[in-house]
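K.L.:
Next up is a structure, given as structure tokens.
The values are calculated or read from the model by the stated rules, or taken from the named source; none is laboratory data. All values reported here derive from a predicted model rather than from experimental measurement. Cβ placement follows ideal geometry from the backbone for every residue including glycine, while neighbour counts extend to all protein chains displayed. The protein model used for the area step is the full one, side chains on, heavy atoms only, and it has no ligands, DNA or RNA in it. Shrake-Rupley method; radii C 1.70, N 1.55, O 1.52, S 1.80 Å.
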Amino acid sequence: MPEASFEEKEFEGPLYNQLEHGHPLVWSPGQVLEGRIGFDRSLLVRNPAFWRWLGFTKPLRGIALSRYSWPSWWRPIPPDRSLPSFRQNLFLQAKRCHYYARPPRTTTGFLPKVTWGFRITPHQHRALRTLAEKAGQMALVAYAAPVFHTRKELFTHTQKRTIVQNSTFPSVERLNSHTAWYYQVPGAKGIANPDPERIEEPNLDDRIASFAHSQSGNVTDPGDNLGALDDALFTAFIQSLGRRTSVPPYFEQRLLIERFVQGAGLDRATFHYLLVLHTIETMGLSWWIIG
């Protein structure tokens, strides 16, 4: 039962890039919001190896902009186009797969040949399930894993831009009460364990198209929708904590975001957008708009 020869992050990068650039209904929310905030992103890098590579003996000092007052004349430049509604969203949780030359014993009679699979992490799934339930008709929430396991195959599919077509995307709801997902083909067909259950869902493209069609015509306020997403994600994050009662850095950053938004004079939609980004980064999720 060897793990894939590549890391989860190595799979995530090209998968998300190809999903975003290869699907007409899926796009990054940052494409609109970057212009609204005034800059796209910033990094706080503490790894000394990075700074040595740039010729510095130690990390350079910086400042947290949210801790300072902004001059009254500074305001973000309004975007050229209106905000999307954020009514339709896609959240994916990437997983590293295991390869089975013979199907696991618990799938006997279901899977007759070479199989891939991944284990479902309890606290992670609890958070994803809460997100799916609380977001309701606002979001599709699914896992993503490769239907291949060698680094050579990863490079080949990256070059050919065929990673999405060679991945599995089981929905979080269908894997409730299960501990593992085993599969042999792309899409969302496989066996969930411990009590073997055959699951067959439409592929991700069809689910996205159906979701977009079912929600078309619902024109709602971006700030309200982002507020609802923020609430759903915050609740999901709290569910993922288990016995841990607090995670100070996470809550401290939420306060810094609030201070930054107030000082910069940003609107409510941008405030909730930044909170959503902070939570999905903490949870390790990826987020797209559907529409």
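K.L.:
Could you give the accessible area per residue of the stretch 124-190, probe 1.4 Å, as a whole number in Å²?
P.N.:
On a per-residue basis, 41 Å².
K.L.:
Taking 22 Å as R0, compute the FRET efficiency from the Cβ-Cβ separation of Lys9 and Arg52 and round it to 0.05.
P.N.:
0.45
K.L.:
Still on this model: By how many nm would the segment from Asp267 to Asp195 lengthen if fully extended, with 0.36 nm per residue of separation less the alpha-carbon distance?
P.N.:
Working: separation 72, 0.36 × 72 = 25.92 nm, distance 4.90 nm.
Between Asp267 and Asp195, full extension yields 21.0 nm more.
K.L.:
Now for a different question. If you roll a 1.4 Å probe over the stretch 116-227 with all protein chains in place, what percent of the accessible area is carbon or sulfur? Can you show the working numbers first?
P.N.:
Values: 2540 of 5080 Å².
Heavy-atom surface of the stretch 116-227 belonging to carbon and sulfur, 1.4 Å probe: 50 percent.
K.L.:
For Lys152, which lysines qualify as cross-link partners when the Cα separation must be under 22 Å and same-chain residues fewer than eight apart are set aside?
P.N.:
Lys9, Lys95, Lys113, Lys160
K.L.:
Which order do the peptides 263-273, 162-172 come out in when sorted by mean C-beta neighbours inside 10 angstrom, highest first?
P.N.:
Highest mean packing first, the order is 162-172, 263-273.
K.L.:
Stretch Lys160-Asp206 to full length: gain in nm at 0.36 nm per residue minus the Cα-Cα span? Present the calculation step by step, with values, prior to reporting the outcome.
P.N.:
Numbers: separation 46, 0.36 × 46 = 16.56 nm, distance 2.17 nm.
Additional length available on full extension: 14.4 nm.
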